[in-house]
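In what follows, a structure is listed as structure tokens, so that the remarks can point back to it.
Nothing in this text is a laboratory measurement; each read-out follows from the coordinates by a stated rule. Quick caveat, the model's predicted, so the values are computed rather than measured. Positions of Cβ are generated from backbone atoms using ideal geometry, with glycine treated the same way; all protein chains shown enter the neighbour counts.
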Amino acid sequence: MLGGLMQKAQEMKSKVQEAREDLKNQQVTAESEDGKIKVVSNCDKGLISISIDDSLLTDRSALEEVLLKTTNDALSKAGEVQKETAQKAMKDAGLFLPGMF
């Protein structure tokens, strides 16, 4: 019984590691409503790139506001992918509990 439990724990650890690597390799993109700012993040919530249209460089406060919103949108998308991936990994390991994530 203990051996089976240890094996299950090892399988779960392996699935979690695989999921983590997958998250690092998946990317999400968010764009401002006017398309002048584009933020790319990996699904482990690391920023990959930020593109800013030259027309925004003259208005610092507008740039900061739109950049912050767009970055948060990208990180929110990454968080959703992260959540879905964790749920799948837990389900695949036979440990899915509704509402856990």
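Considering Lys8, Lys24, Lys38, the condition of being assigned to a helix (DSSP H, G or I) and within 21 Å of the chain's Cα centre (by Cα) is satisfied by Lys24 alone. Of all residues in the stretch 30-47, exactly one satisfies the criterion of being surrounded by 15 or more Cβ atoms within 10 Å (Cβ to Cβ) and on the phi > 0 side of the Ramachandran plot, namely Lys45.
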